[in-house]
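These notes concern the structure reproduced below.
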Amino acid sequence: MTTEVRTLVDIGDISGIEVECPQCSSKVFYPVAKGSERLLSQCPNCNENLFIINRNAGGTQGSLTLEQIKVLMRILKFLAVPAVDCTANVRLQVENGIKGHTNLARSMENK
């Protein structure tokens with residue numbers, strides 16, 4: 001007999017995005033409901049760059065990844081509200097054994 005374990009998350013259950021500094025491990029949580037415009041490009045604790053800032057052809061500076069996270073947050077905020085034109089249940093599948101999930105499971109086992 002074969003068993004399969006899958007973890008699915010309703011889009012409306014995603015409350016935000018967490019960014020962790022690679023230097024000092026400080027974490028900042030950005031709630032989807034509050035919007036994405038205040039995402040920081042530097043760590044508020046140690047000022048380490050969290051995203052690589054590039055200068056584009058127009059001379060402006062920015063991070064493609066940071067902009068994509070902002071777009072993702074706007075999409076999540078939009079999709080969290082039930083749509084009248086969608087009767088399907090839409091969920092995101094999460095890979096089993098991801099870093100945060102595994103560490104949480106281990107910490108629960110040790111209690």
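What spacing in nm lies between the two simple spin-label points modelled at ALA88 and ARG38, each 7 Å away from Cα in the Cβ direction? A separation of 3.5 nm, rounded to one decimal place. Straight-distance candidates among the aspartates and glutamates for linking to LYS27, with alpha-carbon spacing under 12 Å and chain neighbours fewer than 8 residues away dropped: GLU18.
Applying a 10 Å radius around every beta-carbon, put 77-90, 27-40 in order of their mean neighbour count, most first.
My ranking of the peptides, most packed first, is 27-40, 77-90.
Averaging Cα coordinates gives a centre for the range 1-56 and one for the range 62-85; these two points are 13 Å apart.
Karplus-based coupling profile of the range 41-53, in residue order and whole Hz: 8, 10, 5, x, 8, 10, 6, 5, 5, 8, 9, 7, 8, with θ = phi - 60° in 6.51 cos²θ - 1.76 cosθ + 1.60 and x standing for Gly or Pro. Counting neighbouring Cβ atoms within 10 Å and putting the fewest first, the residues LEU72, LEU66, LEU50, LEU8 line up as LEU8, LEU72, LEU66, LEU50.
Every read-out reported here was derived from the displayed coordinates using simple, explicitly stated rules and does not represent laboratory data. Keep in mind it's a predicted model, so treat the numbers as computed, not measured. Neighbour counts are summed over all protein chains in view; Cβ atoms, including those assigned to glycine, are modelled from backbone coordinates with ideal geometry.
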